[in-house]
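**Student:** Quick one: structure below, then a few questions.
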Amino acid sequence: MENKENTNNKNKQNIWQLWHAKITDIYEAIKQKGHERLTIMFVPHGEAHIFSLQLSKFSIAFTLLILLAIIIASSLAWNFQQDLEPEVAQLKAANQEVYQERELYMRRLEKILDRHANFEETLTDLYQITYLPISENDNLPYLEQEAEKELEKEAKQYLQEMESLIKQETESEGLSITALQKQLLAEFKKSQIDENFRYNDDVKSFRIYRLRLQNEIHDLDKLYVYLSDRIRVQRTLPYKWPLKGGHITSMFGLRVSPFGYSTDFHTGIDIANAIGTPIYSAGDGIVVSAGWAGGYGLRVLIRHDFGFETVYGHMSKIYVRAGMRVRKGQLLGEVGQTGRATGPHVHFEVRLENKPINPFGFITAGI
């Protein structure tokens, strides 16, 4: 048994030696062939020396391999360039489109800024006329600080949102997110944004502009409330001549009574005109009473805001009723001579807190 094993081992050893000898012979043959030299001679015209260049076959083979590698690499690079050209062209077109869109946007923005500058001047003039204080937070340093605070806060929220999406994407294979979130996530990973992420100056400028607009909207709201109150006051107060035409026949205050030689206190102004002349409300209000009222004859009493009331007496016709809300300039009735009157006229009276006051200043204010 041992002899058989020894015999097998010797056979294996002999086979290995034979293969080793063959490989060595092949290597030596290649080495010998590779070291063989080729001589290249350069024979110039005339009596100049002949130049000769000796190169081994190894050197020639290595040079040919390098040239082949260069040709293959160049071919691959050319093919790769051909494959990229459509994508490059598409990117160029997209970039050009973005550039044109940005240029259009910037031109529109310049127009908006010009119009905004005119608007700011008008707003300032209005505030000077109305003596209202303009917002104190409209100075540039303050707005820059506020814009930076807002953008820093939004940047942190953006980073937290992206980190949360990455975590969810890692933990959940079937994560359901919107297309916009996918795009933001891809851009976030590609750009390798870190905690030092900041918005650029254009975004900051737009944010400052938005804060300016917010302040001006606040100022406009104050101006609107102020003017609305002023309009309500002007419409409510009896600043209107109650007739179209006519002339004053009796003023407010002490006078000689038209019914004798004694004096009495006239609580209003008498405006004479033909019977049937329309009588209009001097201001917005609510009709308190409309009907016969003793010496006033047919009378309308209107209550206005701020404690004011107006009286229209000696009417021939009444077109309103108690409880109605009337507007400044609304038709109330017609001139007459009812009650204690010596001729066709309207007795116009203004009361404040139920006390008669001189209406002359109201009807001559021109408002």
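**Student:** List the number of the failed condition for Trp292; all other conditions in (1) under 20 Å from Leu237 (Cα atoms); (2) surrounded by fewer than 13 Cβ atoms within 10 Å (Cβ to Cβ) hold.
**Tutor:** (1)
**Student:** Applying the selection to region 229-261, what residues are at pLDDT below 90 and buried (at least 18 other Cβ atoms within 10 Å of the Cβ)?
**Tutor:** Arg235, Leu237, Pro238, Tyr239, Lys240, Gly246
**Student:** Taking the options Tyr312, Tyr226, name whichever one is more than 41 Å from the chain's Cα centre (by Cα) and among the hydroxyl-bearing types (Ser, Thr, Tyr). First the steps, then the outcome.
**Tutor:** Details: Tyr226 fails: more than 41 Å from the chain's Cα centre (by Cα).
The unique qualifying residue is Tyr312.
**Student:** Follow-up. Out of curiosity, is Arg340 farther than 22 Å from Tyr239 by Cβ and among the charged types (D, E, K, R)? Break it down into steps so the answer makes sense when it comes.
**Tutor:** Values: farther than 22 Å from Tyr239 by Cβ: yes; among the charged types (D, E, K, R): yes.
So Arg340 fits the description; yes.
**Student:** Going by the conditions given, is Arg321 at pLDDT 95 or above and surrounded by fewer than 16 Cβ atoms within 10 Å (Cβ to Cβ)?
**Tutor:** Values: at pLDDT 95 or above: yes; surrounded by fewer than 16 Cβ atoms within 10 Å (Cβ to Cβ): yes.
Judged against the criteria, Arg321 is a match.
**Student:** Give Gln82, Gln90 a once-over and let me know the one that is farther than 30 Å from Asp219 by Cα and loosely packed, with under 10 Cβ neighbours inside 10 Å.
**Tutor:** Working: Gln90 fails: loosely packed, with under 10 Cβ neighbours inside 10 Å.
Answer to the selection: Gln82.
**Student:** Which ones in region 222-261 are without any contact (Cβ under 8 Å) to a residue 40 or more places away in the chain, more than 28 Å from Val326 (Cα to Cα) and either of a type outside the set (S, T, N, Q) or part of a strand (DSSP E or B) (or both)?
**Tutor:** Listed by number, the residues that qualify are Leu254, Arg255, Val256, Gly260, Tyr261.
**Student:** For Asp264, only one of the following conditions fails: (1) surrounded by 18 or more Cβ atoms within 10 Å (Cβ to Cβ); (2) among the charged types (D, E, K, R); (3) in a strand (DSSP E or B). What is its number?
**Tutor:** (1)
The values are calculated or read from the model by the stated rules, or taken from the named source; none is laboratory data. Everything numeric in this text was worked out from a predicted model, so none of it was measured. So basically every Cβ, Gly included, is an ideal-geometry build from the backbone, and we count neighbours across all protein chains shown.
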